[in-house]
Amino acid sequence: MQATLAKKVAISRAATLFSYFGLLFLLTAWHLVIAPPATANPYIIWAFQAVPLMMFFPVILNKNLRGHIWLCFFITVYFMHSVTIAMSSHSSAYLALIETLLVTSLFTGAMMYARWKSKLNKLEQGQA
């Protein structure tokens, strides 16, 4: 049981890391390279979207369980944004679909990491 949980924790952590850095990369590429806004400063738009997400970097780096849960709450804003853009006739709808997939993967990975790591910690404390 403990080995299975440890494997699930490792997989969910890998999914979280991949999705988190993928989302940061996508937002950077989207707003600064692929489709910078013509009527606004692209660095302001990028900072408005990427910097709040970057504040969770220490949480992910330190494997903080509560931080992963808070990340899940926080990224619902990104989900709403991406779905809104994807369902519009906006020229960047395909980028928004990719963002939706990354946000969904990040949410799932972070939530499952918090759940399985919590169970693993309880098992380890019970054995100690």
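The values are calculated or read from the model by the stated rules, or taken from the named source; none is laboratory data. Remember, predicted model here, so these are calculated numbers, not experimental data. Here the Cβ positions follow ideal geometry from the backbone for every residue, glycine too, while neighbour counts run over all protein chains shown.
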- Identify, by number, the condition in (1) over 20 Å from the mean Cα position of the chain (by Cα); (2) without any contact (Cβ under 8 Å) to a residue 12 or more places away in the chain that Q2 doesn't meet. (2)
- Query: Checking A38 against (1) hydrophobic (A, V, I, L, M, F, W, C); (2) under 14 Å from Y78 (Cα atoms); (3) part of a loop (DSSP other than H, G, I, E, B), which test does it fail?
  - Reply: (2)
- Sole miss for F56 among (1) touching a residue at least 40 places away in the same chain (Cβ under 8 Å); (2) over 14 Å from S92 (Cα atoms); (3) not aliphatic (A, V, I, L, M) is condition (1)
- Does V83 satisfy being in contact with a Gly (Cβ under 9 Å, 6 or more places away or on another chain), surrounded by 14 or more Cβ atoms within 10 Å (Cβ to Cβ) and of a type in the set (V, I, T)? no
- Task: Could you list all residues from segment 84-114 that are without any contact (Cβ under 8 Å) to a residue 24 or more places away in the chain and more than 15 Å from L26 (Cα to Cα)?
- Result: T84, M87, S88, S89, H90
- Return yes or no: is F107 more than 22 Å from K8 (Cβ to Cβ), in a helix (DSSP H, G or I) and of a type in the set (F, W, Y)? no
- Hey, could you check segment 51-69 for residues that are under 15 Å from V103 (Cα atoms) and not hydrophobic (A, V, I, L, M, F, W, C) and say which is surrounded by the most Cβ atoms within 10 Å (Cβ to Cβ)? H68
- Item | For C72: the one exception among (1) more than 30 Å from Q127 (Cβ to Cβ); (2) out of contact with any Pro (no Cβ under 9 Å at 6 or more places or on another chain) | (1)
- Message: Of everything in segment 94-117, what is at pLDDT 95 or above and hydroxyl-bearing (S, T, Y)? Give them in sequence order.
- Response: T100, T104, S105, T108, Y113
- Message: For segment 15-34, which positions are in contact (Cβ under 8 Å) with a residue 12 or more places away in the chain and either farther than 27 Å from T108 by Cβ or loosely packed, with under 14 Cβ neighbours inside 10 Å (or both)?
- Response: L32, I34
- Hits in segment 1-15 - residues which are more than 17 Å from N64 (Cβ to Cβ) and among the polar types (S, T, N, Q): Q2, T4
